[in-house]
Amino acid sequence: MKIHEYQAKALMEARGIPVPHGVMATTVDEAVAAVRQLSESSGSPVVVVKSQIHAGGRGKGRFKEYPELGGVNVVLDGIEGGVEAAEARVRELATWMLGSTLVTIQTGDEGRVVTRLYIEQGIEIATELYLSVLLDRSTSRNIVMASTEGGTEIEVVAHETPEKIIKIEIDPAFGLTDFQARGIAYKLELEGDALKNGVKFLKDLTAFAIEMDTDLVEINPLVVTTDGQVIALDGKISFEANALYRHPEVAALRDEAEEDAAELAATEHGLSFIKLDGSIGCMVNGAGLAMATMDIIQFVGGEPANFLDVGGGADKDQIVAAFKIITEDPNVKGIFINIFGGIMRCDIIANGVVAAIEEVGLQVPLVVRLEGTNVELGKQIIDESGLNVVSATDMRDGAVKIVELAE
Amino acid sequence: MSVLVNRDTRVLVQGIGETGRFHTDKAIAYGTVVVGAVHPSRVGQVERFTGDTDGSGVQGRQDTYDVEIPIFSTVRDAVAETGANATVIYVPPPFAADAIMEAADAGVPLIITITEGIPVADMVLAKRYLQGRDVRLVGPNCPGVITPQECKIGIMPGYIHTPGTIGVVSRSGTLTYEAVHQLTLNGLGQTTAIGIGGDPVNGTNFVDVLTLFNEDPATEGVMMIGEIGGTAEEEAAEWIKANMTKPVAGFIAGTTAPPGKRMGHAGAIISGGQGTAEAKITALEDAGVVIAPTPTDMGTAMLEAMSR
């Protein structure tokens with residue numbers, strides 16, 4: 001689960017991890033009011049206005065409505081004009097940014113509407129670094145990844161200058177040790193106060209990541225200030241879904257507006273659903289088989305409209321819910337149900353499908369492929385329903401048929 | 001011959017709730033020797049299983065079964081009393097990693113974990129706990145392990161399997177059933193089918209299973225089924241290139257999966273450009289693995305690999 005930057009920083013601040021002071025604003029007036037508050041506490045009239053969306057690349061992103069305007073804007077007007085000038089500029093920026101659509105490298109062409117801004121104090125940056133804590137799957141351990149190349153996407157650094165990436169494995173029994181933290185800090189070329197602060201930052205951040213069950217904590221850039229402070233200038237955190245039950249305060253930070261409505265509805269019904277751009281809706285049991293079904297649809301010339309795994313123990317209600325979610329997508333021109341019954345019996349699926357069609361109706365062609373436990377019973381239920389359903393003998397046959405019918 | 005499980009496997013069940021009970025019944029019907037169960041608050045009780053024998057399982061048995069399984073409060077007690085040499089875990093996610101560590105502490109050599117949804121951090125700790133102990137973890141989030149007509153541990157439908165010479169290893173559940181079904185239709189039976197699970201942190205990996213199959217005299221070829229996410233398939237490809245003496249066929253699910261999205265399985269995600277189906281397919285083909293272009297070609301890909 002992803003959260004916003006301002007939420008990530010609040011969580012870090014609560015753990016004593018240095019972040020700039022900031023105020024979240026959903027209205028222009030709130031944004032303007034934040035300027036005086038921040039400049040009084042920091043002693044500097046410089047502020048930054050940052051769009052809050054669940055996607056990276058905000059600084060380089062541009063608004064659809066204002067093609068010259070980026071997603072993150074530094075306001076320097078206060079240096080000469082005082083707080084009033086800074087307020088005037090923030091008013092202007094907030095008016096443009098709130099309600100406008102920001103397109104970044106990660107949002108796709110449709111972009112995301114910005115409804116929250118984060119107004120943050122300006123920081124006097126000496127050095128920009130990169131730091132993250134994430135799972136290394138091949139060792140089954142968390143690692144700290146760090147680099148002197150802050151401010152650049154880490155994938156780019158990994159590609160162009162892999163020698164500049166530091167990776168240190170964390171033994172779960174001990175956490176990041178002092179000597180490991182010092183070793184990273186030395187490699188980041190920290191000295192004096194910055195070295196001391198950097199070691200503390202590293203230890204605190206890794207402890208935070210492990211305690212909070214994060215998938216990823218990424219600080220890019222991590223900045224060293226001119227007076228040797230080490231501060232998280234940006235903060236991206238995503239939480240591991242399986243562990244959310246033990247962090248209700250984190251689960252409460254979910255911003256449903258940032259998530260796909262159909263995916264949320266699916267989650268509520270215990271279904272695993274991901275919206276895609278194609279026209280063939282899929283309903284499958286099992287994640288691997290569901291992916292394979294998407295693959296074969298594309299192989300025979302179609303495009304899948306979704307990934308949908310109804311799981312191993314879906315009941316009739318879940319099948320009905322799944323069917324509704326698929327048919328609500330206006331792009332769907334045909335539906336392919338592909339079931340290999342193991343735990344999931346084919347007759348249960350068949351009953352669910354019949355019930356769903358009776359309830360929701362069927363406006364597009366439907367191909368059903370059943371195999372496995374109680375397959376004959378399942379086929380019989382579909383046949384006897386009198387519904388306009390096409391049977392398939394195997395996955396490929398089903399994929400070919402639905403792609404033909406959907407055209 | 002087979003790997004991991006056979007007629008001599010004596011199985012303990014950790015987590016005998018509704019799901020555990022349901023699958024234990026199916027396993028007993030198949031002919032698996034289930035010797036005990038562990039439940040923290042039901043010590044001294046027994047769980048009774050009765051029904052019709054699964055004709056596709058162990059051969060030469062009576063048509064019905066009626067067995068009583070004793071319940072213990074700890075794995076240590078259960079092992080001491082029953083001589084169990086394998087355990088299957090159906091314990092709910094918040095407690096499953098602890099169940100794995102308890103089984104390891106009791107020295108159960110084979111720990112098969114079916115539970116889906118265990119927090120990653122718990123698995124990181126559990127794997128650390130297993131380090132240096134002579135036990136094998138299979139899973140979590142897997143269908144289990146089956147040696148056809150000998151022993152079925154887990155949630156797979158037994159009847160689709162046939163004894164034979166192909167070892168099957170997979171990160172998926174139903175896609176494995178699909179593969180096994182196709183192998184059987186193509187006249188290829190299986191020595192053992194092993195689900196290694198769809199989580200980012202798991203016990204046994206592809207290389208471990210490939211090693212077992214390579215050393216098993218009864219296994220003549222291997223079908224491996226991977227999916228997007230991580231680099232386990234690439235590591236397997238490297239190992240195959242250097243060590244594998246038997247033909248391997250494979251399929252990788254998720255060619256059409258978008259990056260940054262978790263495709264059902266916790267581990268099935270392309271992140272930072274890593275874990276794409278293309279990279280895995282290229283690595284495996286480079287190692288001489290016959291890759292099925294679509295999921296309906298898994299059986300024929302295995303036939304092709306065997307004829308090379």
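The values are calculated or read from the model by the stated rules, or taken from the named source; none is laboratory data. In this text, all values refer to a predicted model and were calculated from it rather than measured experimentally. Note that each Cβ is placed from the backbone with ideal geometry, even for glycine, and that neighbours are counted across all protein chains shown. Accessible surface areas use protein heavy atoms only, side chains included; no ligands, DNA or RNA. Shrake-Rupley method; radii C 1.70, N 1.55, O 1.52, S 1.80 Å.
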Kindly indicate which of A:GLY22, A:GLY81, A:GLY99 is at pLDDT 95 or above and over 19 Å from A:VAL113 (Cα atoms).
A:GLY22
Filter region B:118-131 down to residues that are without any contact (Cβ under 8 Å) to a residue 40 or more places away in the chain and within 7 Å of chain A (Cβ to nearest Cβ) and give me whichever is farthest from A:ASP215 (Cα to Cα).
B:ARG128
Considering A:SER391, A:SER385, which residue is in contact with a Lys or Arg (Cβ under 8 Å, 6 or more places away or on another chain), farther than 30 Å from B:ASP25 by Cβ and either open to solvent by 10 Å² or more (accessible area, probe 1.4 Å) or more than 14 Å from every other protein chain (Cβ to nearest Cβ) (or both)?
A:SER391
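Residue by residue, here is whether (1) of a type in the set (Gly, Ala, Ser); (2) at pLDDT 95 or above; (3) in contact with a strand residue (DSSP E or B) (Cβ under 9 Å, 6 or more places away or on another chain) holds:
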residue: B:GLY107; (1), (2), (3): yes, yes, no
residue: B:ASP122; (1), (2), (3): no, yes, no
residue: B:ARG133; (1), (2), (3): no, yes, no
residue: B:GLY139; (1), (2), (3): yes, yes, yes
residue: B:VAL145; (1), (2), (3): no, yes, yes
residue: B:GLY158; (1), (2), (3): yes, no, yes
residue: B:THR192; (1), (2), (3): no, yes, yes
residue: B:VAL207; (1), (2), (3): no, yes, no
residue: B:LEU210; (1), (2), (3): no, yes, yes
For the structure I just gave you, tell me whether B:VAL124 is within 16 Å of B:ASN6 (Cα to Cα) and out of contact with any helix residue (DSSP H, G or I) (no Cβ under 7 Å at 6 or more places or on another chain).
no
Does any residue in region A:235-247 that is facing chain B (nearest Cβ under 7 Å) come within less than 9 Å, Cβ to Cβ, of a residue that is in a loop (DSSP other than H, G, I, E, B) and acidic (Asp, Glu) six or more places away or on a different chain, and which pairs are these?
A:GLU240/A:ASP213; A:ASN242/A:ASP213; A:ASN242/B:GLU116; A:ASN242/B:ASP199; A:ALA243/A:ASP213
Go through region B:65-84 residue by residue and tally those that are out of contact with any helix residue (DSSP H, G or I) (no Cβ under 8 Å at 6 or more places or on another chain) and touching a residue at least 40 places away in the same chain (Cβ under 8 Å).
6
Could you list, in sequence order, the residues of region B:229-247 that are part of a loop (DSSP other than H, G, I, E, B), in contact with a helix residue (DSSP H, G or I) (Cβ under 9 Å, 6 or more places away or on another chain) and within 14 Å of chain A (Cβ to nearest Cβ)?
B:THR231
When the residues of region B:6-32 are narrowed to those that are within 20 Å of B:THR53 (Cα to Cα), part of a loop (DSSP other than H, G, I, E, B) and touching a Ser or Thr at 6+ places or on another chain (Cβ under 9 Å), which ends up most open to solvent (accessible area, probe 1.4 Å)?
B:ARG7
State all residues of region A:159-179 that are within 12 Å of chain B (Cβ to nearest Cβ) and within 28 Å of B:ARG128 (Cα to Cα); if no residue qualifies, say none.
A:ILE165, A:GLU169, A:ILE170, A:ASP171, A:PRO172, A:ALA173, A:PHE174, A:GLY175
Considering only residues of region B:39-70 that are among the polar types (S, T, N, Q) and open to solvent by 40 Å² or more (accessible area, probe 1.4 Å), which is nearest to the chain's Cα centre (by Cα)?
B:GLN59
Inspect region A:252-271 for any residue being within 7 Å of chain B (Cβ to nearest Cβ), surrounded by fewer than 21 Cβ atoms within 10 Å (Cβ to Cβ) and in contact with a strand residue (DSSP E or B) (Cβ under 8 Å, 6 or more places away or on another chain) and give the result as yes or no.
no
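Is it the case, given these coordinates, that A:ASP347 is surrounded by fewer than 24 Cβ atoms within 10 Å (Cβ to Cβ) and either within 23 Å of B:ILE225 (Cβ to Cβ) or within 13 Å of chain B (Cβ to nearest Cβ) (or both)? Break it down stepwise before answering.
Working: surrounded by fewer than 24 Cβ atoms within 10 Å (Cβ to Cβ): yes; either within 23 Å of B:ILE225 (Cβ to Cβ) or within 13 Å of chain B (Cβ to nearest Cβ) (or both): no.
The answer is no for A:ASP347.
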Taking region B:177-203 and keeping residues open to solvent by 10 Å² or more (accessible area, probe 1.4 Å), within 17 Å of A:THR373 (Cβ to Cβ) and either of a type in the set (Asp, Glu) or facing another protein chain (nearest Cβ under 8 Å) (or both) leaves B:TYR177, B:HIS181
From the set of residues in region A:128-153 that are outside any strand (DSSP E or B), crowded, with 20+ Cβ neighbours inside 10 Å and not acidic (Asp, Glu), which is modelled with the highest pLDDT?
A:SER140
May I ask you to verify whether B:GLY226 is within 20 Å of B:THR176 (Cα to Cα), open to solvent by 10 Å² or more (accessible area, probe 1.4 Å) and not in a helix (DSSP H, G or I)?
no
Just a yes or no: is a residue in region A:308-331 within 23 Å of B:PHE251 (Cβ to Cβ), in contact (Cβ under 8 Å) with a residue 60 or more places away in the chain, more than 10 Å from chain B (Cβ to nearest Cβ) and open to solvent by less than 40 Å² (accessible area, probe 1.4 Å)?
no
Strands (runs of 3 or more DSSP E) (entirely within region B:102-163) containing at least 3 residues that are more than 30 Å from A:SER272 (Cα to Cα), aliphatic (A, V, I, L, M) and open to solvent by 30 Å² or more (accessible area, probe 1.4 Å):
none
Show the residue pairs meeting these rules: Cβ distance below 8 Å; 6+ apart or different chains; first residue within region A:131-155 and more than 14 Å from chain B (Cβ to nearest Cβ) and more than 14 Å from A:ILE168 (Cα to Cα); second residue part of a strand (DSSP E or B) and of a type in the set (Ser, Thr, Tyr).
A:THR148/A:THR127; A:THR148/A:TYR130; A:GLU149/A:TYR130; A:GLY150/A:THR127; A:GLY150/A:TYR130; A:GLY151/A:TYR130
